[in-house]
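Below is one structure; the comments refer to it alone.
The values are calculated or read from the model by the stated rules, or taken from the named source; none is laboratory data. In this text the structure is predicted, and so the values were computed from the model without any measurement. As a convention, Cβ positions derive from the backbone with ideal geometry for all residues, glycine included, and neighbour counts pool all protein chains shown.
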Amino acid sequence: MRAPLTAGVFLGLIAGCADHKQIARIPAPDGSVEAVVVEGNGGATTSFWYDVYIVQPGADYSSGPDVAYTYGSLKHDREFGVDVSWKTPTDLDVAYQSAMKTSLNYSVTTVAGKQITVALRSECPESSASAVPSSRGTQADGS
C-alpha cells in the first residue's frame, strides 16, 4: 500500500511543477467567442507546449474546450509557438511550421451556441504576421 501512495505523491509533485501561462486572446471577427492560447513548460528537460481553447469573451480559458495541442512547435524561422487566426466568425485556424507532437482534439465544437470548426495545419507561412506573441524567443537563442 505504501508504494502506490509514494508514486501518487511523486506524480502530483511533478504535475504541480508545470508552468501554464495565457499568452494570447484572439476574438472571432464578430466578437462572439475568443481563441485563447496557453503556453506550458514542465522545466528544463521539456519543450514548450501550446493549448488552444475557445471560450466566451472574457471567460477563463479552462471554461472552454481545449481544441488543439502542440508540443515543441515552432513558427516563423525557429520562433516557439503557434499562429492562431480566425478565417471567419466560425472557422479557426491553428498553424505551426514544425512540431514534435500535435493533436486536434476537436475539429468541430460548440461554444456560446455557435458551432466552430477548427483546423490544425503544419503550414505556417514564414512571412505571416502572428496574432500570438512569442514569450520564449527562438530555438537558436534558447531565451
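Brief remarks on what is shown
- Within region 3-42, if we keep just the residues that are of a type in the set (S, T, N, Q) and part of a strand (DSSP E or B), the residue that is modelled with the highest pLDDT turns out to be Gln22.
- Single unsatisfied condition, Thr45 versus (1) touching a Pro at 6+ places or on another chain (Cβ under 7 Å); (2) part of a loop (DSSP other than H, G, I, E, B): (1)
- Residue among Ser62, Ser85 that is polar (S, T, N, Q), out of contact with any helix residue (DSSP H, G or I) (no Cβ under 9 Å at 6 or more places or on another chain) and part of a strand (DSSP E or B): Ser85
- The numbered conditions (1) under 21 Å from Thr109 (Cα atoms); (2) over 12 Å from the mean Cα position of the chain (by Cα); (3) among the small types (Gly, Ala, Ser) are all true for Gly43 except (1).
- Considering residues of region 61-78 that are polar (S, T, N, Q) and in contact (Cβ under 8 Å) with a residue 24 or more places away in the chain only, the residue nearest to Ser107 (Cα to Cα): Thr70
- Filtered by the rule that a residue be in a loop (DSSP other than H, G, I, E, B) and either of a type outside the set (Ser, Thr, Tyr) or at pLDDT below 95 (or both), region 97-114 gives Gln97, Ala99, Met100, Asn105, Ala112, Gly113.
- Considering only residues in region 58-75 that are of a type outside the set (Ser, Thr, Tyr) and over 9 Å from the mean Cα position of the chain (by Cα), the one that is modelled with the lowest pLDDT turns out to be Lys75.
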